[in-house]
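Q: Structure provided below as C-alpha cells; questions to follow.
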Amino acid sequence: MALTPARTMPGVLELLPLDQIAFQRMLDVIRRNYERFGFLAVETPVIEYADVLLTKTGGETERQVYFVQSTGALEQGEKPDLALRFDLTVPLARYVAEHERDLSFPFRRYQMQKVYRGERAQRGRFREFYQCDIDVIGKDALSVRYDAEIPAVIYSVFRELDIGPFTIQLNNRKLMRGYFESLGVVDGEQQMLVLREVDKLDKRGADYVRDTLTGAAFGLSAEVAAKILAFVQVRSSSLQDALDKLDALGPGPEALEQGRHELKEVLGLIHAFGVPQTHYALNLSIARGLDYYTGTVYETTLNDHPQIGSICSGGRYENLAGQYTKSHLPGVGISIGLTRLYWQLRDAGLIDTAKSTVDVLVTQMDEAQLPAYLALAGELRGAGIATEVVLEGGKLGKQFKYADRAGIRFVVVLGEDELARGVVTVKDLRREDQFEVARGELVKTLRVELEQAAAMG
C-alpha cells in the first residue's frame, strides 16, 4: 500500500518542541499581564453560524472565510451555514449581545485563541494564527480614561517579553476627520478613503500618498494634499511636545476639538499610569484601516526593527454589537497577532529556541531499582521540579545523550554505589560538571542549581 506523504498545508506554524516552549512562554507572558490589569478570560467556539460572522457582506473578509460543512450535509448538497471565525472581535460582539444580561459592565475580557483566514500562501502570512485580544466594553457609555489604560497594558506586556525598545503610537480618528473637514473634505466616505491612504504613510512613503491624494480617484488639490501630508507627519518626542503639537494645530471643527481634547486626556493619563515618555508618542498618520474605529487608535512598533511593522494595534469603537442588539455598547481594545509576531521575531533573530520545561532526568542504572527511581522522581515532582524518568534503561551514555538532545540540563544518577552510600550523583550537562549530594539534600540542592541557571539565562 502506498504511503500518504506526511505534510501540512501552507500558512500554518507547526513548531518543534523547544520552539513551541518559546512560543508558549510568550503566550504565558501576555496572559499574565492581561490578568494583572483585571481582564477576565473568555473563550468562544472556533465555529460560528455563518450569518452571525458575516453580518457585513462583500468585503475582503468574506473572501477569506473558511466555511464548515459536515459530510452528511455535503452528501445532501446543502449550503454551509457554519464558518470558522476569522477574528475574535465579531465573536466578542456576538458573545456580549447574547450574554448581556449576565455580564457586569464595564466588561473587561481577554481572549487568546486561534483564528482562520484563507490567506494566499506567501512568506509570513498565516491561515491559522493566534490572536491575543483585550477589550473593555461599556453599557451606553465608556469613559475615555479606558483608552489610556490600554497603552499601560501594552507597555507591561512588551516590557516583560523583552524583545527590544518599542513605542506605542497614538492618534484619534475624530481629530483626523475634523482636520480633513477643515480642508473641505467633508464627505464621510471620502474621509474614510483618505484615512486609509494616510495610514500607509510609514509603509509607502509621502510621495506615494501625495500622488494618490492628487490623483483621479481623490482629485484633491496640491495645496490640500500638502496640508494633509504635513498634518499626518506630526510626531512627538515627549509628553509636553505632544501636547504642544496638538495645540499648534489651531482651532477647527467640533470633531477636531473633541479629538484633540480626548487625545490630551489620554496622553496625560498614560503618564499617570506609569508608562515612561520614551515608550509612547503622538503619530498623526496612524488611522487603522478598519472602519469601525471612531476615536483613539494605537499601533506599537519595535524601534530597532521598523520593517516588522505594528506588533500590537487597536482602538476605540462606538458600537461593538450593533448588528446583534439595540443596546449601545462602546468599547476599546487591542490585538496581538502572536503567530505572525513570533515568526517575525524569530526570522529577525530576536528570539531563539527555549530551554526544555523538563528540569531533571532520573536515569536507570538497574531495572530492579526502578521503584527507587520512581520514588525519587515523585519526591522531586512534589517539590515542584519537573522530572522525567528513564523507564527502559540502556547504556548510561545513551541516556545522557538523550537528555542533552532533549534539552534537559540536569541528570540524576542513583546506582548501586550511590544507594549504598545514601547519595545521589547530579550531572549538569550544560556546564559539563558533576557532583554528589546527600539523598536528603537533593531537593534543596537542585532548587538552588535551577534558580542559578534561571538567573544566568
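No value in this document is a laboratory result; all are computed from the given coordinates. Quantities reported herein were computed from a predicted structural model and do not represent experimental measurements. Here the Cβ positions follow ideal geometry from the backbone for every residue, glycine too, while neighbour counts run over all protein chains shown.
Q: Looking at the chain, what % of its DSSP beta bridges pair antiparallel, to the nearest 5? Numbers along the way, then the final one.
A: On the way: 50 of 61 bridges.
Of the beta bridges lying entirely in the chain, close to 80 percent run antiparallel.
Q: Over all distinct alpha-carbon pairs, what is the Kirkwood Rh of the chain in angstrom? Don't skip to the answer; put the middle values down first.
A: Values: mean 1/r = 0.0388 Å⁻¹.
In the chain this quantity evaluates to 25.7 Å.
Q: Work out the FRET efficiency for Asp241 and Tyr292 from their Cβ-Cβ distance, taking R0 = 41 Å, and round it to the nearest 0.05.
A: Computed FRET efficiency for Asp241 and Tyr292: 0.85.
Q: Report the relative contact order of the chain, percent, no decimals, based on alpha-carbon pairs under 8 angstrom and at least 6 residues apart.
A: Values: 742 pairs, mean separation 72.2, N = 457.
The normalised contact order for the chain reaches 16 percent.
Q: Sticking with this structure for a sec: Please compute the contact order of region 360-456 in relative form: average sequence separation of alpha-carbon pairs under 8 Å and at least six residues apart, divided by the residue count, as a percent. Provide the component values of the computation, followed by the final result.
A: Values: 129 pairs, mean separation 25.4, N = 97.
Relative contact order comes out at 26 percent.
Q: Please list log₁₀ I(q)/I(0) at q = 0.25 Å⁻¹ for region 40-115, using the Debye equation with identical point scatterers on the alpha-carbon positions.
A: Debye curve over Cα of region 40-115, log10 I(q)/I(0) at q = 0.25 Å⁻¹: -1.18.
Q: Expressed as a fraction of 2.2 N^0.38 Å, the rule-of-thumb size for a compact globular protein of N residues, what is the C-alpha radius of gyration of region 360-456? Before the final figure, lay out each step's value.
A: On the way: Rg = 12.4 Å, N = 97, 2.2 N^0.38 = 12.5 Å.
Compared with the compact-globule rule of thumb, region 360-456 sits at 0.99.
Q: Rg/Rh for region 224-376: what does it come to with C-alpha atoms and Rh from Kirkwood? Please report the intermediate quantities before stating the final value.
A: On the way: Rg = 24.6 Å, Rh = 19.9 Å.
Expressed as Rg/Rh, it is 1.24.
Q: Over 5 Å intervals from 0, what percent of Cα-Cα pairs in region 59-100 sits in each interval?
A: Going out from 0 Å in 5 Å bins, region 59-100 shows 5, 19, 20, 20, 16, 14, 5, 1 percent.
Q: Taking the DSSP beta bridges in region 360-456 as the whole, what percent of them are antiparallel, to the nearest 5?
A: On the way: 10 of 16 bridges.
Here the antiparallel bridges make up roughly 60 percent for region 360-456.
Q: While we're here: Students often check this: by mean Cβ neighbours within 10 Å, which of 269-280, 14-25 ranks highest, and how do the rest follow?
A: Working: 269-280: 16.5, 14-25: 14.4.
Descending packing order for the listed peptides: 269-280, 14-25.
Q: Amide H neighbours of Gln113 under 5 Å, counting only residues 5+ apart in sequence or on other chains, H built in-plane at 1.01 Å?
A: Gln131, Asp133
Q: For region 258-303, what is Rg from Cα atoms divided by 2.2 N^0.38 Å, rounded to two decimals? Present the calculation step by step, with values, prior to reporting the outcome.
A: Numbers: Rg = 11.5 Å, N = 46, 2.2 N^0.38 = 9.4 Å.
For region 258-303, the normalised Cα radius of gyration is 1.22.
Q: While we're on this one: Compute the Cα gyration tensor for region 100-174, then decide on rounded, prolate or oblate, letting a ≥ b ≥ c be the square roots of its eigenvalues: rounded whenever a/c is under 1.5, prolate when a/b is larger than b/c in the other cases, and oblate in all that remain. Present the calculation step by step, with values, prior to reporting the outcome.
A: On the way: a/c = 1.98, a/b = 1.32, b/c = 1.50.
Oblate.
Q: Helix-only mean residue ellipticity at 222 nm, the chain, DSSP H runs n ≥ 4 weighted -39,500 (n - 2.57), per residue, nearest 500. What is it? It would help to have the intermediate numbers written out before the result.
A: Values: 17 runs with 186 residues, N = 457.
Taking each H run of at least 4 residues, the total per residue is -12500 deg cm²/dmol.
Q: Which whole-number value in Å³ per residue fits the convex hull of the alpha carbons of region 107-263? Don't skip to the answer; put the middle values down first.
A: Working: hull volume 28.8 nm³, N = 157.
Dividing the Cα hull volume of region 107-263 by its residues yields 183 Å³.
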